[in-house]
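These notes are about the structure you will find just below.
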Amino acid sequence: MFSEKLLTWYDRSQRNLPWRIQKKNPYYTWLSEIMLQQTTVATVIPYFNRFTQKWPEIQNLATASLDEVLIEWQGLGYYSRARNLHKCAHHLARSFPQEEHELINLPGIGPYTAAAIASIAFNKKAAAVDGNVIRVLCRYYGLDCLNPYKSVRTKLLKLLPETRCGDFTEALMELGALICRPKNPSCESCPLQKTCKGYKLGKPEFFPNKPVKKKLPTRYTTAFIIQRKDGAIWLRRRPSQGLLGGMMEVPSTPWTEEKNIGEKLTVKHTFTHFHLNAALCYIDKPMEGEGIWVHPHDLKKYALPTVMKKIISAGLKGLE
């Protein structure tokens, strides 16, 4: 059977990941699943370890300020996850739901995350469909369609075992991460090889059929480096909602597709949906609006996204 072969392989081959150390720990499961959204395991591990060392229990995390959470999140990207993590911690510290339909109503928890938490932490029979699962089942069943989510979910619901549902969920994702990779899958090491349609057809990498990626647009801005005689830099807080919400930044013009003219020193950064080209401009007085002076050696105390760290670093070098 599918589940028996998969679980036998998982028992032998699973990775030793920090969120698996405490079996069925809902806090660990929730935290790791939020961090792993759009992020690799290797990147997440040190962040997960720092979070759990600083906030060993979910009640500890619930008492933290948003700034504290954002500071620890720096460099992990997709900062709306950190804001929702902070909101969700307050709910979960009071009561941690076990059912998929309850979890999905909480901040930052979508259909996949709700199913993953219910399954992994509480052993519920829930279908957690992520990119790894879609890839494995599209190849296994030979599903050739551009939007396979519904078909994969229907297949997965029929495959879920009566016991060890959490292990089954992790095993399927583990297979996608270690064996059934997007490119160069290790079919010879796969426990499902004999019954995999993609393998039988001799073209497992064809599945799932993905649309051609669109070229990312480029946006432009002018970032202002404002520095006092004592070296302090003027920072302001971004609006709480939207891209990089609630984090600190140097003032800048709106990020538009209109190119900058006349600025020579620029910093480039790529977000998920666009490239940013920031031209640096030096001025000696704070701009209108609220802000604070921060000395360069104190920047680590503030939640600065990677793009702002790059801009500030380049700006300070330009002043040398």
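Would you confirm whether or not the range 293-302 contains a residue that is under 12 Å from Leu235 (Cα atoms), in a loop (DSSP other than H, G, I, E, B) and either in contact with a Pro (Cβ under 8 Å, 6 or more places away or on another chain) or without any contact (Cβ under 8 Å) to a residue 24 or more places away in the chain (or both)?
There is no residue in the range 293-302 that is under 12 Å from Leu235 (Cα atoms), in a loop (DSSP other than H, G, I, E, B) and either in contact with a Pro (Cβ under 8 Å, 6 or more places away or on another chain) or without any contact (Cβ under 8 Å) to a residue 24 or more places away in the chain (or both).
Of the residues in the range 38-76, how many are under 18 Å from the mean Cα position of the chain (by Cα), more than 17 Å from Gln241 (Cβ to Cβ) and touching a residue at least 24 places away in the same chain (Cβ under 8 Å)?
Residues flagged as under 18 Å from the mean Cα position of the chain (by Cα), more than 17 Å from Gln241 (Cβ to Cβ) and touching a residue at least 24 places away in the same chain (Cβ under 8 Å) within the range 38-76 amount to 15.
Restricting the search to the range 287-308, which residues are within 21 Å of Pro254 (Cβ to Cβ) and surrounded by fewer than 17 Cβ atoms within 10 Å (Cβ to Cβ)?
Met287, Glu288, Gly289, Glu290, Thr306
Filter the range 77-105 for residues that are crowded, with 19+ Cβ neighbours inside 10 Å and among the aliphatic types (A, V, I, L, M); which is farthest from Leu304 (Cα to Cα)?
Leu103
Can Met287 be described as touching a strand residue (DSSP E or B) at 6+ places or on another chain (Cβ under 8 Å) and under 19 Å from Leu66 (Cβ atoms)?
Spelling it out, it is not the case that Met287 is touching a strand residue (DSSP E or B) at 6+ places or on another chain (Cβ under 8 Å) and under 19 Å from Leu66 (Cβ atoms).
Across the range 110-133, what is the number of residues that are of a type in the set (A, V, I, L, M, F, W, C), more than 17 Å from Lys24 (Cα to Cα) and touching a residue at least 40 places away in the same chain (Cβ under 8 Å)?
Number satisfying all stated conditions: 1.
Only one of (1) outside the structural domain of Gln14 (by TED's automatic domain parsing); (2) of a type outside the set (Ser, Thr, Tyr); (3) modelled with pLDDT of 95 or more is not met by Gly242, so which one is it?
(3)
Can you report the number of residues in the range 225-260 which are of a type in the set (D, E, K, R) and either assigned to a strand (DSSP E or B) or touching a residue at least 60 places away in the same chain (Cβ under 8 Å) (or both)?
Selection size over the range 225-260: 5.
Residue check, Met287 against (1) at pLDDT 90 or above; (2) out of contact with any Asp or Glu (no Cβ under 7 Å at 6 or more places or on another chain); (3) farther than 30 Å from Lys197 by Cα; (4) in a loop (DSSP other than H, G, I, E, B), all met but one. Which one?
Met287 satisfies all of (1) at pLDDT 90 or above; (2) out of contact with any Asp or Glu (no Cβ under 7 Å at 6 or more places or on another chain); (3) farther than 30 Å from Lys197 by Cα; (4) in a loop (DSSP other than H, G, I, E, B) except (1).
Just to verify a result, which residue in the range 21-52, among those that are among the charged types (D, E, K, R) and at pLDDT 95 or above, is surrounded by the most Cβ atoms within 10 Å (Cβ to Cβ)?
Ranking the qualifying residues of the range 21-52, first place goes to Glu33.
For the range 6-57, name all the residues that are among the aromatic types (Phe, Trp, Tyr) and either within 19 Å of Ile71 (Cα to Cα) or outside the structural domain of Ala118 (by TED's automatic domain parsing) (or both).
Passing the criteria: Tyr47, Phe48, Phe51, Trp55.
Can you work out which of the residues in the range 122-143 that are buried (at least 22 other Cβ atoms within 10 Å of the Cβ) and not in a loop (DSSP other than H, G, I, E, B) is farthest from the chain's Cα centre (by Cα)?
My answer is Tyr140.
When residues of the range 30-56 are filtered for being under 23 Å from Arg181 (Cα atoms) and of a type in the set (Ser, Thr, Tyr), how many remain?
4
The values are calculated or read from the model by the stated rules, or taken from the named source; none is laboratory data. This is a predicted model, so every value here is computed, not measured. With ideal geometry, Cβ positions are generated from the backbone for all residues, glycine too; neighbour counts draw on all protein chains shown.
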